[in-house]
Amino acid sequence: MPDSHLIPDAMRLAIEEARRTMNADQGGPFGAAVLDQNGSIIAVSSNTVLKDHDATAHAEMNAIRKAGAVLGTHDLSGCTLVTTAYPCPMCLGAIIWSNITKIIYGCRPDDADAIGFRDDMIYTYIRHPEDHASLLETKEQYRDECLSLFVEYDRKNKTIY
């Protein structure tokens, strides 16, 4: 676990990076940092959705990408994510996929909702997709053709992550 005296530095850097890119109209008020298992800050990033024209360029996603590049791995086991706001559902998925098991956050989901961000709507959809069919249409199609990829991956004993 990172030394507690490093957490304020990581959060400070996340806030500074968020403020810098927010004021440059590159993204929202979101910043994140990844600390390795020794508590060293290995990545700091912010939301760059507007600059990159990329809906996935959230601060947490960008920080995870940078940390993976620094460590040379997709597996960030033992790392801690420090973020200016509780992660959205997409970022939570990426955090779990990357094996980060500790998050320290500043603002709550309702703080983001209060200024117009849609995190809560996505959480509601995940809990009750049948009540929000107009939000996203899903249709299973071509399963057999696609399943052949899974069978081939498994047969070749490829890495599960």
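The values are calculated or read from the model by the stated rules, or taken from the named source; none is laboratory data. What you see is a predicted model, and the numbers here were worked out from it, not measured in a lab. Don't worry about glycine lacking a Cβ; one is built from the backbone with ideal geometry, like all the others, and counts go over all protein chains shown. The accessibility values were calculated without ligands, DNA or RNA, using every heavy atom of the protein model including side chains. Shrake-Rupley method; radii C 1.70, N 1.55, O 1.52, S 1.80 Å.
Hey, can you grab everything whose amide H is under 5 Å from the amide H of Ala43? Only 5+ residues off in sequence or another chain; H modelled, so Pro and N-termini drop out.
So Ala43 has HN proximity to Val34.
Positive end of the charge dipole of the chain (Lys, Arg +1 and Asp, Glu -1 on Cβ, about the Cα centre): tell me which of Cys146, Gly27, Leu13 has its Cα farthest that way.
Highest projection toward the positive end goes to Leu13.
Using modelled amide H (1.01 Å from N, peptide plane; none on Pro or chain starts), what sits under 5 Å from the amide H of Cys79, excluding residues fewer than 5 places away?
Those qualifying (amide H under 5 Å, at least 5 residues apart or on another chain) are Thr101.
Among Leu136, Tyr123, Cys91, which residue has its Cα furthest toward the positive end of the charge dipole of the stretch 79-136, with +1 on Lys/Arg Cβ and -1 on Asp/Glu Cβ?
Going by the charge dipole, the pick is Cys91.
Let me spell out the model: positive unit charges on the Cβ of Lys and Arg, negative unit charges on the Cβ of Asp and Glu, origin at the Cα centre of the chain. What dipole size does that give, in debye rounded to 20?
My answer is approximately 400 debye.
Of the beta bridges DSSP finds with both residues in the stretch 1-136, what % are antiparallel, to the nearest 5?
Taking every DSSP beta bridge with both residues in the stretch 1-136, the antiparallel ones total about 65 percent.
Compute the helix-to-body angle for 59-71: its Cα long axis versus the longest principal axis of the chain, expressed 0 to 90° and rounded to tens.
Computed tilt is about 90 degrees.
Less than 12 Å Cβ to Cβ from Met121, Lys/Arg counted +1 and Asp/Glu -1: what total charge do the surrounding residues give?
-2
Using only alpha carbon pairs under 8 Å that are at least six residues apart, calculate the relative contact order of the stretch 27-157 and give it in whole percent.
Computed value for the stretch 27-157: 18 percent relative contact order.
So what is the calculated 222 nm ellipticity per residue for the chain, using -39500 (n - 2.57) for each DSSP H run with n of 4 or more, over all residues, to the nearest 500 deg cm²/dmol?
Computed ellipticity for the chain at 222 nm equals -13500 deg cm²/dmol.
Which cross-chain or sequence-distant (5 or more) residues have an amide H under 5 Å from the amide H of Cys107, H modelled 1.01 Å from N in plane?
Ala85, Tyr86
What is the local net charge at Glu137, summed over the other residues whose Cβ is closer than 15 Å to its Cβ (Lys, Arg +1; Asp, Glu -1)?
-2
For Lys139, go through the aspartates and glutamates and keep the ones whose alpha-carbon is under 15 Å away, minus same-chain ones fewer than eight residues off.
Glu130
Expressed as a whole percentage, what fraction of the accessible surface of the chain belongs to carbon and sulfur atoms when a 1.4 Å probe is rolled over the protein heavy atoms?
Here carbon and sulfur together make up 54 percent of the probe-accessible area.
Would you mind computing, in nm to one decimal, how far apart the modelled labels at Ala69 and Thr124 are, each placed 7 Å from Cα along Cα→Cβ?
Taking the simple label geometry, Ala69 and Thr124 are separated by 3.7 nm.
Tell me the net charge near Ala55. Cut-off is 14 Å between Cβ atoms, Ala55 excluded, with +1 for each Lys or Arg and -1 for each Asp or Glu.
-2
What does the accessible area per residue of the chain come to in Å², with a 1.4 Å probe and no ligands, DNA or RNA counted?
Value returned for the chain: 65 Å² of accessible area per residue.
What lysines sit close enough to Lys102 to cross-link, taking a C-alpha to C-alpha distance under 30 Å and skipping anything fewer than 8 places away on the same chain?
Within the straight-line limit of under 30 Å, Lys102 reaches these lysines: Lys51, Lys66, Lys158.
Work out the charge dipole of the chain with +1 on the Cβ of Lys and Arg and -1 on the Cβ of Asp and Glu about the Cα centre, then indicate which of Gly39, Ala63, Tyr161 is farthest towards its positive end.
The residue sitting most towards the positive pole is Gly39.
Beta carbons within 10 angstrom, averaged per residue: use that to sort the peptides 110-121, 125-136, 44-55, 77-88, highest first.
Put in order of decreasing packing, that is 77-88, 44-55, 110-121, 125-136.
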